[in-house]
Amino acid sequence: MLRRMPGRARRRSAQRRQRRRRGLVAGALALVAEVGVLWMRAGRLAGEVVVRCRSGHVYTTIWIPGISVKSLRLGWWRVQRCPVGEHWSLVTPVRESELSDGDRRLAREHRDMRIP
Ligand SMILES: [Zn+2]
C-alpha cells in the first residue's frame, strides 16, 4: 500500500507526522519547564502554593502545571483573580520560607477558589 503511494505524498505524510511529533515535544517541554519553575519557586510540584500578585498581595492558590480553568497561563506567570485586592493580576509562585510572618499569615487567610 505504501509502495503504491507517489513519492511526494509519502514525503508529505512523513512531514506531517514529524510536525505533530514536534508539537508534542514542545508541549512536553513547556510542561517540564513549568514544573521546574514551580519546584524552584514554591518547593513543590503541584497543589497549594502561595503566589504573589503584581500589587504585592499574597494568597494561597491551587497550581497544577498544565491544568488551569480559572486563569490564563503564561508559563510560570498566570493571570488570575486576586482575592486580596479583588482584581485581576499576574501572579507568580513564591517560596513560603521567603515570606515575612505577616505575609505568611495573609497567604493562609486568603485562598481563592478550590479549583486549579
Ligand atoms: Zn492583588
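Taken together, the values in this text are just the output of simple stated rules run on the coordinates, not laboratory data. Source: prediction; values computed, not measured. So basically every Cβ, Gly included, is an ideal-geometry build from the backbone, and we count neighbours across all protein chains shown.
In whole Å, what is the distance between the alpha-carbon centres of the stretch 25-39 and the stretch 88-116?
The stretch 25-39 and the stretch 88-116 have Cα centres spaced 22 Å from each other.
With all pairs of different alpha carbon atoms counted, what Kirkwood hydrodynamic radius in Å does the chain show?
About 16.2 Å for the chain.
Sort ARG52, ARG16, ARG104 so the one with the fewest other Cβ atoms within 10 Å of its own Cβ comes first.
Going from sparsest to densest Cβ surroundings: ARG16, ARG104, ARG52.
Roughly speaking, what is the stretch gain from GLU48 to ARG105, that is 0.36 nm per residue apart minus the C-alpha to C-alpha distance, in nm to one decimal?
Result: 19.0 nm gained on full extension.
Please sort 96-102, 106-112, 53-59 by packing, taking for each peptide the average over its residues of neighbouring beta carbons within 10 angstrom, highest first.
53-59, 106-112, 96-102
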